[in-house]
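Here is the structure we will look at.
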Amino acid sequence: MAASIVRASLNKFSWFVVLAMALHHHICSVAIAQQVPCFFIFGDSLMDNGNNHQLKTVARADYPPYGIDFPGGPSGRFCNGRTPADVLAELLGFDHYMPPFPVASGLEVLKGVNYASAAAGIREDSGEELGGRIPFGGQVENYKKTVSQIEKLLEHLSKCIHSVLMGSNDYINNYFLPEFFSTAQQFTPLQYADDLIRRYNKQLKVRSTLTKSILLVVFKSEFGGNYYICIITEIT
């Protein structure tokens with residue numbers, strides 16, 4: 001029963017993705033009003049746009065063929081052009097993409113920051129075989145630093161969208177690599193999933209205690225294809 005519900009949800013969301021893509025192609029040449037004052041991004045390589053540049057890691061994308069279709073060439077994005085975060089920024093009406101945390105400064109942080117880091121996971125150790133990365137907990141700490149700069153504008157932040165895409169590296173760069181990690185011996189698949197949910201929930205609560213805002217949580221599954229389930233909720 002649960003499996004059928006999940007499949008139905010995924011099928012519905014697949015149509016949502018198709019609709020969103022069609023909508024984006026339809027409006028891409030039409031200027032739209034900015035929908036929210038700011039957009040903050042947390043995640044892994046699907047959202048990273050340069051946060052790993054200063055780290056000692058193989059998880060970086062500042063060389064060709066990455067960025068071959070992106071203005072200016074390789075930028076740290078793990079794709080040939082735009083990331084899902086870039087597309088979301090366009091759909092929200094922004095005339096620019098959110099800067100990565102290391103270079104975000106001044107008034108530009110009022111419009112948003114990208115904290116995503118390739119190879120990052122919910123667990124601190126996920127992806128460590130690849131070198132440096134900023135786990136979700138570290139990304140939340142960086143967000144705290146941003147909030148501390150503009151804490152007098154919390155009402156402004158409450159109107160922003162915060163997106164989180166995290167979790168795949170906790171499997172492909174942790175649980176499924178027994179030669180590097182012991183999690184597969186410590187947990188059954190269900191126990192591991194429960195542990196990730198517990199950690200994820202705790203980290204999301206830390207972020208939500210800083211600012212009340214709209215939160216977009218995206219879960220990426222590697223099982224049987226790539227599906228994206230979005231939950232939009234107001235954190236109170």
Q. When you go through Ile5, Ile68, Ile41 one by one, which is the residue that is at pLDDT below 90 and of a type in the set (Val, Ile, Thr)?
A. Ile5
Q: Inspect all residues belonging to segment 80-94 and state whether any of them is surrounded by fewer than 16 Cβ atoms within 10 Å (Cβ to Cβ) and in a helix (DSSP H, G or I).
A: yes
Q) Can you tell me which of Glu155, Glu124, Glu141 is free of Cβ contacts under 8 Å to residues at least 40 places away in the same chain, in the same structural domain as Asn49 (by TED's automatic domain parsing) and in a loop (DSSP other than H, G, I, E, B)? A) Glu124
Q) For segment 176-191, what are the residues that are assigned to a helix (DSSP H, G or I) and either under 11 Å from Asp125 (Cβ atoms) or small (Gly, Ala, Ser) (or both)? A) Thr183, Ala184
Q) Somewhere in segment 78-86, is a residue of a type in the set (D, E, K, R) and either in contact (Cβ under 8 Å) with a residue 60 or more places away in the chain or not assigned by TED's automatic domain parsing to the domain that holds Ser158 (or both)? A) no
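Filter segment 47-79 down to residues that are out of contact with any Lys or Arg (no Cβ under 8 Å at 6 or more places or on another chain) and either of a type outside the set (Lys, Arg) or not in a loop (DSSP other than H, G, I, E, B) (or both), then give me how many there are. First the steps, then the outcome.
First, pick out the residues of segment 47-79 that are out of contact with any Lys or Arg (no Cβ under 8 Å at 6 or more places or on another chain): 47, 51, 54, 56, 58, 60, 62-65, 68-69, 71-75, 77-79.
Pick out the ones that are also either of a type outside the set (Lys, Arg) or not in a loop (DSSP other than H, G, I, E, B) (or both) and you get 47, 51, 54, 58, 62-65, 68-69, 71-75, 77-79.
Of the residues in that region, 18 qualify.
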Q) Among the residues of segment 105-113, is any assigned by TED's automatic domain parsing to the domain that holds Leu130, in a strand (DSSP E or B) and either touching a strand residue (DSSP E or B) at 6+ places or on another chain (Cβ under 9 Å) or farther than 24 Å from Gly131 by Cβ (or both)? A) no
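The values are calculated or read from the model by the stated rules, or taken from the named source; none is laboratory data. This is a predicted model, so every value here is computed, not measured. Methodologically, a virtual Cβ is constructed for each residue, glycine included, from the backbone with ideal geometry; neighbour enumeration extends over all protein chains shown.
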